[in-house]
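**Q** Structure incoming, see below.
Taken together, the values in this text are just the output of simple stated rules run on the coordinates, not laboratory data. Just so it is clear, the structure is predicted and the values come from calculations on it, not from any experiment. Neighbour counts run over all protein chains shown; Cβ positions are idealised from the backbone, glycine included.
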Amino acid sequence: MGTFHQGKGELHGITVVVDTDGPEIFVGRCDDVTDRGVFLHDVDVHSDGENGRSKEDYVKRAAQLGVWKKYDHLVIPNERVTSIRRLGEI
Amino acid sequence: MPYSEMMVRPMREELTSAGVKELRTAADVDAFMAEKTGTALLVVNSVCGCAAGMARPGIRLALQNERRPDRVATVFAGQDLEATARARGYLADVPPSSPSIAFFKDGELVYFIPRHRIEGRDAHAVASDLTAVFNENCPVPATA
């Protein structure tokens, strides 16, 4: 048994990878996707090329064990989002 | 802020009723981790049904496997804060994740299932991952 959350989208509670049209890519636990944007909890952000790692290098590493959060909560505006993927499916 | 203990109790009991030892204090965790020989499973339980609701029955199923860890324990993230923090100290290179499942062999972490590997899967899938680890690392129990 567990707690369940009414009125949220299918990605609620799922750890997702949110790519953007800029250098940043985000990994966090999705709260919801609304007209305003993607609402994430416990979020890490990586900038393409940071520490010598591309976005996909970062995602592959995140998929192994997870990420260290940099932000408790973050909203990524929809106009910046190019894709949302489930980390568990990478 | 911790949830009401009345609400959380069934989530604790879902594991303890399967023989999982609950670690409520840092001292409990240290005592569990002090034993370095053999195999051990440490479960970071959590309230959220999105993943923990599949992790707990998956663990229960896996513990019915013939080969299983010598010792199995759990801490409850968001509830038993001191115990959870101490448990995470034994997973120092692994980002905090709840629910999550760590498997140790002779004191070394050899397998870890983070939350995102549980989300969206069913209990049988979680159990399948765990039994594969048990079959690879745990000896066949001696028969009487």
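**Q** With contacts defined as alpha carbon pairs under 8 Å and 6 or more residues apart, what's the relative contact order of chain B in percent? Present the calculation step by step, with values, prior to reporting the outcome.
**A** Details: 233 pairs, mean separation 47.5, N = 144.
Once divided by the residue count of chain B, the mean separation gives 33 percent.
**Q** Give, as a single signed number, the net charge of other residues whose beta carbon lies under 11 Å from the beta carbon of A:Tyr71, with Lys and Arg counted +1 and Asp and Glu -1. Provide the component values of the computation, followed by the final result.
**A** Details: positive: A:Lys69, A:Lys70; negative: A:Asp42, A:Asp44, A:Asp72.
So the surrounding residues net to -1.
**Q** For a quick size check, give me the Cα extents of the protein assembly as shown along its three principal axes, largest first, whole Å.
**A** In descending order, the Cα extents are 65, 42, 32 Å.
**Q** Which of the aspartates and glutamates could a cross-linker bridge to A:Lys60, judged by Cα under 17 Å and excluding same-chain residues fewer than eight apart?
**A** A:Asp19, A:Glu24, A:Asp44, A:Asp48, A:Glu50, A:Glu89, B:Asp93
**Q** Under 5 Å between amide H atoms, partner at least 5 residues away or on a different chain: which partners does A:Val38 have, H built in plane at 1.01 Å?
**A** Answer set, sorted by chain and number: A:Ile76, A:Asn78.
**Q** Just the number, please: percent antiparallel of the DSSP beta bridges in the protein assembly as shown, rounded to the nearest 5.
**A** Of all bridge pairs located within the protein assembly as shown, approximately 80 percent are antiparallel.
**Q** Based on the alpha-carbon set only, what is the convex hull volume of segment B:66-144 divided per residue, in Å³?
**A** It comes to 116 Å³ per residue, whole-number rounded.
**Q** For the modelled label position 7 Å from the Cα of B:Ala142 along Cα-to-Cβ, which residues of segment B:18-46 have backbone nitrogen atoms closer than 16 Å?
**A** B:38-39
**Q** Shifting gears a bit: Using Cα-only point scatterers and the Debye equation, what is log10 of I(q)/I(0) for segment A:37-90 at each q in 0.22, 0.24, 0.31 Å⁻¹, rounded to two decimals?
**A** -1.01, -1.18, -1.34
**Q** Moving on to the next point. Counting only other residues whose beta carbon sits under 10 Å from that of A:Tyr58, what net charge do I get with K and R as +1, D and E as -1? Write down the numbers at each step before the final one.
**A** On the way: positive: A:Arg53, A:Lys55, A:Lys60, A:Arg61; negative: A:Asp44, A:Asp48, A:Glu50, A:Glu56, A:Asp57.
Residues near A:Tyr58 contribute -1 overall.
**Q** Rounded to whole Hz and in sequence order, give me ³J(HN,Hα) for segment A:42-57 from the Karplus expression 6.51 cos²θ - 1.76 cosθ + 1.60, θ = phi - 60°, writing x for Gly and Pro.
**A** Calculated HN-Hα couplings, in order: 6, 9, 10, 10, 10, 9, 3, x, 4, 6, x, 10, 6, 4, 5, 4 Hz.
**Q** Please list the radius of gyration and Dmax for chain A, considering alpha-carbon atoms only, with Å as the unit.
**A** When restricted to Cα atoms, chain A yields Rg and Dmax of 12.8, 43 Å.
**Q** For chain B, what percent of Cα pairs sit more than 23 Å apart?
**A** Working: 2813 of 10296 pairs.
Taking all Cα-Cα pairs of chain B, the fraction more than 23 Å apart is 27 percent.
**Q** Could you let me know the centre-to-centre spacing of segment A:13-30 and segment B:1-52, using Cα atoms, in angstrom?
**A** 30 Å
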